Amino acid sequence: MSFSKAFFSFMKGERSQAELDAYRQAMRHIDDLEAAIQMQVLNRPLEPGQGPWSRPHNHQQAMAFTWIARGLATIATTLLDSDAREDPGTVGYLPLVTFGQVKELYVQVPQFIQRAWEALANPRYRADKPLPMPLGPRVEAEGKCPLVHLKGIHAAATALDHLGQARVAHYLQAVQSCGVAPTEEVKQDLAALAQIWARAQSKVAFSSQQIIIVSQGRDVPLETHEEAENRLWDALSDHFLAGQFIAMPELLRSAAVAGMNATGRQLKHEERWCLSEPQAVKDLKNTQFGEMEIKEFWTRKGWRTTPMEERYLAQCAAFMRDGSISIVSRWSTCPFDPVYQTLQPVSILDRAMDRGTEFHLHMDENEDELQVGSPRFRRTKSYEEEHEEGHVGDQSGHH
């Protein structure tokens, strides 16, 4: 590395990727793992009358953990390769957001390789991490996301898409050649998988147009950068989950993921208050104001939760059960959802929070946003028709 290149990288606020090269060299262990999966699982003939969805549970877990390791490594490596391609003047140096994201993903890979080997070896294997595993943690840029990082995320989403398509093709070939008609549950799983894939590809396609706008060098507002970054991360997250669902189709069923529905839930009218804090429900249910607000809320959302909302609800329920968080209030606008406080450090939707921090998920026309207090939100005693940033109800929840 020449002095001029190092100096230029320093002036751009970039960091040497030398620390990451050791992780990258270790990725060959995933190849060994996938070769073992191919020989011990995929090449092994299925029992008569069984389809690929009936493979031993430990084998499916091994394939899921293998996909996680491959997915994490693919995203990280693609970010490195994309940066070198898009910014050849600073090869070997990375924007801080890219460096941080690559490291966060690479450091997890050995753990999942180990879990895959253990699952492959033990017919009674019980995972210490629940599947499916969401992608994370996410590292966000301070201010505008560098264009080179946006392009890297886009390249990573495309790379995961190609990998996943090959896995899907292999799985469907096994389904067609096994001589057994898929059950109705399996058909539903495959349909849900196709939906997730279509959603991810749509997000990548739309973000491509946003990247073009950003690349033109005009004074693009911060919101455009954030929208592109968020949409691409969502696409990555969808592909990351989809690969696990190919390995274990049963994970798509809500009961298998502790209430998380990968495609969102269609709600009935009697479920309209399911997102609301209990005291708010008592105050507002069957009142003119409350029923008008909750009906408009769900109408705008098509009476369907989003995958992010399902994930958020599942995580909060789990943290409530183990005493990591508690409800301290409710948000003042529809759906009048709980405001939680952390009782110990936790990570919600890939965002780490210290003890004593308040948070809630802003859910409006499916534009979900995790909002975090600093460390608390301001209070208001009333329920409000219009959202007023930073206000929640008091702990009593009364008007």
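Taking the chain as a Gaussian network of alpha-carbon nodes connected by springs under 10 Å, the highest mean-square fluctuation of the residues P345, P221, P278 belongs to P221.
Cβ-Cβ distance of V180 and V107, R₀ of 25 Å, FRET efficiency by 1/(1 + (r/R0)^6): the value works out to about 0.05.
Only helices reaching 20 angstrom along their own axis (Cα) with mean Kyte-Doolittle hydropathy no lower than -0.5 count here, and for the DSSP H runs of the chain these are 57-86, 147-177, 184-215, 222-247, 307-321. Rounded, prolate or oblate, given the Cα gyration tensor of region 238-361, with a/c below 1.5 counting as rounded? Taking the square roots of the gyration eigenvalues as a ≥ b ≥ c, region 238-361 is oblate.
Put a plus charge on the Cβ of each Lys and Arg, a minus charge on the Cβ of each Asp and Glu, and nothing anywhere else: the dipole of the chain about its Cα centre is then about 980 debye. Take the Cα of Q50, step 7 Å toward its Cβ, do the same at Q165, and the gap between the two points is 3.2 nm.
Taking K103, K282, K203 in turn, the Gaussian network model of the chain (Cα-Cα springs below 10 Å) assigns the largest fluctuation to K282.
Arranged from fewest to most other beta-carbon atoms within 10 Å of their beta carbon, H149, H57, H162 become H162, H57, H149. Within the straight-line cut-off of under 16 Å between alpha carbons, the aspartates and glutamates reachable from K187 are E250, sequence neighbours fewer than 8 places apart in one chain being disregarded. Annotation for region 286-320 versus region 29-74: alpha-carbon center distance of 37 Å. Projecting each Cα onto the charge dipole of region 74-222 (Lys/Arg +1, Asp/Glu -1 at the beta carbon, about the Cα centre), which of A76, P134, A157 comes out farthest on the positive side? Result: P134, furthest along the dipole toward the positive end.
Largest mean-square fluctuation among E369, E270, E19, in a Gaussian network model of the chain whose springs join Cα atoms under 10 Å apart, belongs to E270.
Think of it as helices only: each DSSP H run of n ≥ 4 in the chain is worth -39500 (n - 2.57), and spread over all residues that comes to -17000 deg cm²/dmol at 222 nm. In this simple spin-label approximation, R28 and H362 carry label points 7 Å from Cα along the Cα→Cβ vector, and these lie 4.9 nm apart. Peptides 283-294, 232-243, 91-102, ordered by how many other C-beta atoms sit within 10 Å of their residues on average, highest first, read 232-243, 91-102, 283-294. Quick check: from the Cα gyration tensor, does region 102-222 come out rounded (a/c under 1.5), prolate or oblate? It comes out oblate by the Cα gyration axes. Full extension of the segment from K295 to S16, taken as 0.36 nm per residue of separation minus the current Cα-Cα distance, would add 95.1 nm. Where both residues lie in region 269-393, what percent of DSSP beta bridges are antiparallel, nearest 5? Rounded to the nearest five, the antiparallel share is 85 percent.
The numbers here are math on the coordinates, done by the rules we state, and not lab data. None of the values given here were measured: they were computed from a predicted structure. Positions of Cβ are generated from backbone atoms using ideal geometry, with glycine treated the same way; all protein chains shown enter the neighbour counts.
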